[in-house]
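Data first, discussion second: the structure below is written as structure tokens.
Please treat every number below as a calculation from the coordinates, not as lab data. If you're wondering where the values come from, they're calculated on a predicted model, not measured in any experiment. So basically every Cβ, Gly included, is an ideal-geometry build from the backbone, and we count neighbours across all protein chains shown.
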Amino acid sequence: MNERWDQTLPIESAIAGHSDALSQVWVGVRRWVAVILIAHKPREADLEDLLQLVALQVCRKVHEVRDPSLFKPWLRTVTINIAREQGRKATRKRAGMLRLVGRTRNEADQIGNMQLSEDAKRVLDAALSLPEKYREPVLMRCQQSMSYKQIAEVLSLPETTIETRIARGRRMLRETIELQTKQELEAYEKHGKQRTRTIRVGGA
């Protein structure tokens, strides 16, 4: 994958309203935008739909960017906001549907995630719960197999910072999953002891 930011894109002309330049800019940044969306969108959201929403917002609002050098951070903010808004919409829609059938949100999450293996779901949920500065590079590295250099280019950060954040993010993931596993084992053992006592009492 090539998610490097193309410095030759005619951003100034796109901001000025030239449609050909705007089309060229979008083609050049589309994969970069996709990577940001993947790190922030809800699992059930369609990537192509979100890309179309970002493209529409760019067409409508790009003229508000006052300086071409600010286009990249502006686009990143637009992309993240669209991904998060999609997540909020999905949550509201799910809650509304659940009320109709008398289910809780947790029950819906269990049903919606049945296609994921339990281990994969656990890791993904833990990754999505990481603080943003760790979540983005970890997901880019693990889900998209991007290099440290590519991630550094996308996030406009030094490569050494990316390496540090991914290492810390992975350590946080391991600690979270180990804690969850320990809690599940303790709960299982507690349940087993209670069941054993029940059987003994019943058989006495």
(message) Residue by residue through region 167-184, what is 3J(HN,Hα) from phi via Karplus (6.51 cos²θ - 1.76 cosθ + 1.60, θ = phi - 60°)? Round to whole Hz and write x for glycine and proline.
(response) 4, 5, x, 5, 5, 4, 4, 4, 5, 5, 5, 4, 5, 4, 5, 4, 5, 5
(request) Treat the count of other C-beta atoms within 10 Å as a stand-in for reagent exposure and order Met140, Met146, Met172 from fewest to most. (result) Met172, Met146, Met140
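How much length would be gained if the chain were fully extended between Ala187 and Asn81, taking 0.36 nm per residue of separation minus their Cα-Cα distance, in nm to one decimal?
That works out to 34.3 nm of additional length.
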(message) Checking the table Lys133/Lys190; Lys61/Lys133; Lys149/Lys182 against a 32 Å threshold on Cα-Cα, which pairs fail?
(response) Lys133/Lys190; Lys149/Lys182
(request) Find how much the distance from Leu70 to Leu47 grows on full extension, using 0.36 nm per residue of separation minus their present alpha carbon separation; answer in nm with one decimal. (result) 5.8 nm
(message) Quick one: 3J(HN,Hα) in Hz for region 54-65, Karplus 6.51/-1.76/1.60 with θ = phi - 60°, rounded, Gly and Pro as x.
(response) 5, 4, 5, 5, 4, 4, 7, 10, 4, 5, 7, 6
